[in-house]
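The values are calculated or read from the model by the stated rules, or taken from the named source; none is laboratory data. Given the structure is predicted, the values throughout are model-derived calculations rather than measurements. When we count neighbours, we look across all protein chains shown, and the Cβ atoms used for this are built from the backbone with ideal geometry, even at glycine. Please note that ligands, DNA and RNA were not included when accessible areas were found on the heavy atoms of the full protein model with its side chains. Shrake-Rupley method; radii C 1.70, N 1.55, O 1.52, S 1.80 Å.
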Amino acid sequence: MAVTKCIGILTSGGDAPGMNAAIRAVTRSAIYNGIEVKGIYHGYRGLITGDIKPFKTENVSNIIQQGGTILKTARCKEFETPEGRRLAYETLRSEGIDALVVIGGDGSLTGARIFAQEFDYPIIGLPGTIDNDLYGTDLTIGYDTALNTIMEAVDKIRDTASSHERLFFIEVMGRDAGFLALNGAIATGCEAAIIPEISTEIDQLKELVENGFRKSKNSSIVLVAESPTTGGAMQLAERVKNEYPQYDVRVTILGHIQRGGSPSAQDRILASRLGAAAIDALLEGQRNVMVGIRNDEIVYVPFSKAVKYDKPINRELLETLRRLSI
Ligand code: ADP
């Protein structure tokens, strides 16, 4: 097994609060183990352009509490081509970087998997996404903070919704996963959550209205996961306005505030644990795995599983929401 002397670290795809805590943990843990660290800026684009800088412990001082990512992030089309990945590989060789730690979501880890196979190159992935949609880990870095942001925003909307006796559709992020919408709805006492996992099975809106929601309440809030499958909050609100004109319907799209802010204690701790474990994984000779957490224990999940399988939604949560919103 080749000894790792120098690692590169990058953040890629959608940013998530806690990425900085992960960068700090990887950097410090590597240096603690005598491994050199290089920070790669702007995700995979920085690998292609050579936007790279040596990292010492002080480069990651005072960042654990900061949202966003000091390494910046980007979406890089060129990395999706064999030519782009070849350039990235040449950069890694010329920089003397013998392993990579990639912090990102589903897309970033898919890129990592392809690159690792193509060049037989060791990569460790960390799940960094507010969506919590990576298979094999109970939590992803950024999810808890985003959930708390949603909770605070929905609480405020509840005040105005109940004053006016309105029906609100609030759209939250989540792409193809309903974790933010479902758990956000439970945390704020919402009447329902419309999520992509269930949209394919039933017409959730019809069920909602026909079950007589809002009858005994002075406001109703429905969280909607942004997704082509749910149609998003705008489209659902239009349908309600047309089919049930008696409702006073409003829409709020929470948008990018969900990505920002200082990471929660849970995200900082998760990022610190996963970041330190990424270096343990390399030292143990692991490669091409995502470091995750299950039942409060560190696990290594092969990229092939982490990006291929869909993480199932917990049906018990759906049932709890339904029962508590009567
Ligand atoms: P996220 O990591 O948040 O899911 P994206 O899906 O936008 O974000 O992916 C981030 C980046 O990962 C892309 O811009 C691209 O550089 C790389 N990537 C994604 N999918 C692939 C792929 N199939 N092959 C190579 N690189 C990919």
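Residues checked against (1) within 12 Å of the ligand (Cβ to nearest atom); (2) surrounded by fewer than 22 Cβ atoms within 10 Å (Cβ to Cβ):
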| residue | (1), (2) |
| --- | --- |
| ILE64 | no, yes |
| GLY67 | no, yes |
| LYS72 | no, yes |
| THR81 | yes, yes |
| ARG85 | yes, yes |
| THR91 | no, yes |
| ASP98 | no, yes |
| GLY105 | yes, no |
| GLY111 | yes, no |
For PHE115, only one of the following conditions fails: (1) part of a helix (DSSP H, G or I); (2) more than 10 Å from the ligand (Cβ to nearest atom); (3) not β-branched (Val, Ile, Thr). What is its number? (2)
Would you mind stating whether ILE150 is modelled with pLDDT of 95 or more, touching a strand residue (DSSP E or B) at 6+ places or on another chain (Cβ under 9 Å), assigned to a helix (DSSP H, G or I) and surrounded by fewer than 21 Cβ atoms within 10 Å (Cβ to Cβ)? no
Taking segment 28-62 and keeping only residues that are within 16 Å of the ligand (Cβ to nearest atom) and on the phi < 0 side of the Ramachandran plot, one is left with ILE40, TYR41, TYR44, ARG45, GLY46, LEU47, ILE48, THR49, ASP51
Criterion: open to solvent by 70 Å² or more (accessible area, probe 1.4 Å) and in contact (Cβ under 8 Å) with a residue 12 or more places away in the chain - qualifying residue of GLN258, GLN286, GLN266: GLN266
Quickly run through segment 1-27 and pick out the residues that are farther than 21 Å from GLN65 by Cβ and more than 16 Å from the ligand (Cβ to nearest atom). MET1, ALA2, VAL3, THR4, LYS5, CYS6, ILE7
Cβ-Cβ under 9 Å, sequence separation 6+ or interchain: first residue in segment 82-110 and over 28 Å from GLY292 (Cβ atoms), partner charged (D, E, K, R) and surrounded by fewer than 15 Cβ atoms within 10 Å (Cβ to Cβ). Which pairs? PRO82/GLU118; ARG86/GLU118; GLY96/LYS5
Meets criteria (on the phi < 0 side of the Ramachandran plot, at pLDDT 90 or above and assigned by TED's automatic domain parsing to the domain that holds LEU254) for PHE169: yes
Would you call GLY136 surrounded by fewer than 24 Cβ atoms within 10 Å (Cβ to Cβ), assigned to a helix (DSSP H, G or I) and under 14 Å from the mean Cα position of the chain (by Cα)? no
Given (1) at pLDDT 95 or above; (2) open to solvent by less than 50 Å² (accessible area, probe 1.4 Å), number of the condition GLU297 does not satisfy: (2)
Within the set of pairs 6+ apart or on separate chains, which have a first residue in segment 237-249 that is without any contact (Cβ under 8 Å) to a residue 60 or more places away in the chain, a second that is of a type in the set (A, V, I, L, M, F, W, C), and C-beta atoms under 8 Å apart? ARG239/LEU205; LYS241/VAL249; GLU243/VAL209; TYR244/VAL209
Residue check, ILE221 on the phi < 0 side of the Ramachandran plot, open to solvent by less than 30 Å² (accessible area, probe 1.4 Å), under 22 Å from the mean Cα position of the chain (by Cα) and of a type in the set (A, V, I, L, M): no
Pairs under 6 Å by beta carbon, first residue open to solvent by 10 Å² or more (accessible area, probe 1.4 Å) in segment 10-34, partner among the hydrophobic types (A, V, I, L, M, F, W, C) and outside any helix (DSSP H, G or I), six or more apart or different chains? ARG24/ILE63; ARG24/ILE64
Condition test on ARG175, is it modelled with pLDDT under 95 and away from the ligand (no atom under 16 Å from the Cβ)? no
From ASP131, ASP120, which residue is of a type in the set (D, E, K, R) and either more than 21 Å from the chain's Cα centre (by Cα) or open to solvent by 20 Å² or more (accessible area, probe 1.4 Å) (or both)? ASP120
